[in-house]
Each structure stands twice: as structure tokens, then as C-alpha cells.
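Below you'll find the structure, written out as C-alpha cells, and then a few comments.
No value in this document is a laboratory result; all are computed from the given coordinates. Please read these numbers as outputs of a predicted model, since none were measured by experiment. Don't worry about glycine lacking a Cβ; one is built from the backbone with ideal geometry, like all the others, and counts go over all protein chains shown.
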Amino acid sequence: MKTSKQILLTVAGLVIIFFLAAVILLRNGVQLLRQNDRIANRYREISVNEFERLDISSCWIVKIRQGKECHIETTADQDSPLNPTIENINGTLFFSVDTASAKTNTDSLFVRITMPILRSVKASKGADINITDFMGDSLLVTLEDGCTFSGINYNIKYVTFKTSGENTLNITKIF
């Protein structure tokens, strides 16, 4: 009798522990979905001319896909304390923020880019670049000062990386 009570209490304790773990995991998942939904609802479209190169500095989180036309959506707001600017100069799209504000503000600015051709990406000061489903001939990637570059499902024949400082590369090619 005593042994069966111990087994029953042990099983009941394990069930309660698994239940609590499942509730905690579910709660974390729901919070992540809500955060992603809040970010997704804040995107607004920006009109720009054709571009083939990107120059990104500071706290930008950039997702790049291939498409027929150049298309940009961003969460950057002109009223932001980071004072973000996006401008196209001679086919290079520059993303920048106020350097003094970026040191004291830990917010990130999100950008989704669709473009037909990507020739080069230059990132600095902790930018996060993600390239997905992209095809091309060659790409030059320059990373400086703590940037992250990830590529998934891309088919680019020649990719050249130039890095300085601590950077992270995560490349997955499924072709």
C-alpha cells in the first residue's frame, strides 16, 4: 500500500510539472506571436527609385527577398528618437539613424525589402541582414562592428564576404 501511494504521488507530481511546463511554453509562444503581430501591423510602404546596392548602419533589422520591382516596407517612423533616414543615392539605398540617439536607445527598426537584383550589401554597427529566396550571379557582403548576416534558400553563384570586428554569418543553401 505504501509503495502504491508513493508511485501515485510521483506520477501526479510529474503530471503537474509537465502541465506547468506546457502552460509556460504556451504563454511564451503567445507572447512572441503578439509581439510579431504588433511589429507586422506597424509596417508602412516607402516609395523609392530602382536600386541594386544596400548600405545599412546601426540598429536596422532587414529582410531581403527577390521580386520583380523594388519595394520597401519599414517600421521606421520620422518621429522616432533614432531619427531614421532612408535615401537612394546613385542606385545605393542608404539606411541610417542618428548616431548619438542610437547609443542610448536600444530599439530596432525593421525593414522588408523586395528587389530584382542585389549587387552588394554593406552593414555596420550591429545591423541584422537576412536574405531569403534570392537568385543572382554575384554578391559582395561587407560586415563591420557586430553585424549579423543570414542567408536561406538562395542561389547566388559567387558570394564574397569582407568582415571586420565581431560579426555572425549563418548561411543555409538548399538548392
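Every Cα-Cα pair in the range 44-172 was counted, and those over 19 Å apart are 45% of them. Axis of helix 2-41 versus longest Cα principal axis of the chain: the two differ by about 20°, to the nearest ten degrees. A Förster radius of 35 Å, combined with the Cβ-Cβ distance separating ASN153 from SER80, puts the computed FRET efficiency at roughly 0.65.
Taking 0.890 mPa s as the viscosity and 25 °C as the temperature, the Stokes-Einstein diffusion coefficient of the range 1-41 based on its alpha-carbon Kirkwood radius rounds to 197 µm²/s. Projecting the Cα positions of PHE18, ASN49, LEU139 onto the charge dipole of the chain (unit charges on Cβ atoms of Lys, Arg, Asp and Glu, taken about the Cα centre) puts PHE18 furthest along the positive direction.
For the pair THR160 and THR92 in one chain, pulling the backbone fully straight at 0.36 nm per residue adds 22.7 nm over the alpha carbon distance.
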